[in-house]
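Since the structure comes first, as structure tokens, the remarks are kept for the end.
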Amino acid sequence: MRSWIKAVSAVAVLAGLLVGADRIAVVVAQNEAADKLAGHQGITGKPSVSIGDFPFLTDLIDRKVGSLHISASAMQLSGAGQSFQLNDFVADLKGVQISGDENSATVDSGTGTGKISYQQVQTLLDLDSRMSLGYGGPDQVKVSASMLGQKLATTVKLRTEGNKVLVDSVGDLSGLGALPGVGAAINSAIGTRSFTLQGMPVGLDLDQVTPEPDGLALKFRGSHVRLSNS
């Protein structure tokens, strides 16, 4: 009986050591991945990286990670000929195959989210400086402007077409909207606007835009994308 107890205890200790070694390896790998992504793929500074695999050591032998979570407070994207900041970026990547030199990886599939301010959206759409954008309710962006000393307001809906964000429709006008020609002028000034995003985060493509009280939320999606630290 004592021999059996000692054997069980030895196995338990060994299992604990293996689990501990596995977790240490995960922490080291996460930190190394964050270092490699820092300043690349549009990421500003060093991101937070989390590996969801267990046991990790067996996956490490195959150089493939089942799931990878990346978060960064800010990223730099470009659109309409200028750079801008994407805030609160988060990405979940599945099936990450690491290259032999560890300088790149391919990803089976991934999703991500981030947010840009309404002021930035206004600049990207190249709207008149007398206009301002804000949250207009579910699926709507409010447009406020001043004309002839009067306040004017309407809403627009946005849609995506690939990595392009377009004004889908312009709502009813208040204020000066009842005057002849004002509605047509506003529709002409806003209704044809668009901008295309470039330098997409970690190789993902734009999937959806949703107005929220604190900015325009962007959703990303991709498959067979490439991660690189160059």
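If you take the residues in segment 18-48 that are at pLDDT 70 or above and basic (Lys, Arg), which one is surrounded by the most Cβ atoms within 10 Å (Cβ to Cβ)?
LYS36
Let's see how each residue does on (1) of a type outside the set (D, E, K, R); (2) at pLDDT 80 or above:
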site	(1), (2)
LYS64	no, no
GLN76	yes, yes
GLY79	yes, yes
ASP92	no, yes
GLY95	yes, yes
SER104	yes, no
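Looking at THR154 and the list (1) in contact with an Asp or Glu (Cβ under 7 Å, 6 or more places away or on another chain); (2) surrounded by fewer than 16 Cβ atoms within 10 Å (Cβ to Cβ); (3) of a type outside the set (A, V, I, L, M, F, W, C); (4) more than 24 Å from GLY199 (Cα to Cα), which single condition is not satisfied?
(2)
Using the structure shown, decide if ASP126 is on the phi > 0 side of the Ramachandran plot and surrounded by 15 or more Cβ atoms within 10 Å (Cβ to Cβ).
Numbers: on the phi > 0 side of the Ramachandran plot: yes; surrounded by 15 or more Cβ atoms within 10 Å (Cβ to Cβ): no.
For ASP126, the condition - on the phi > 0 side of the Ramachandran plot and surrounded by 15 or more Cβ atoms within 10 Å (Cβ to Cβ) - is not met.
Among the residues of segment 117-133, is any of a type in the set (A, V, I, L, M), farther than 30 Å from GLY149 by Cβ and touching a Leu at 6+ places or on another chain (Cβ under 6 Å)?
Keep residues of segment 117-133 that are of a type in the set (A, V, I, L, M), which gives 121, 124-125, 127, 131, 133.
Subset that is farther than 30 Å from GLY149 by Cβ: none.
Checked against the condition, which is being of a type in the set (A, V, I, L, M), farther than 30 Å from GLY149 by Cβ and touching a Leu at 6+ places or on another chain (Cβ under 6 Å), segment 117-133 yields no hits at all.
If you take the residues of segment 130-166 that are modelled with pLDDT under 90 and not in a strand (DSSP E or B), which of them is nearest to ASP214 (Cα to Cα)?
That would be MET131.
The values are calculated or read from the model by the stated rules, or taken from the named source; none is laboratory data. Note that the coordinates shown come from a computational prediction; the quantities given were computed from them, not determined experimentally. Note that we place each Cβ from the backbone using ideal geometry, even for glycine, and neighbour counts take in every protein chain shown.
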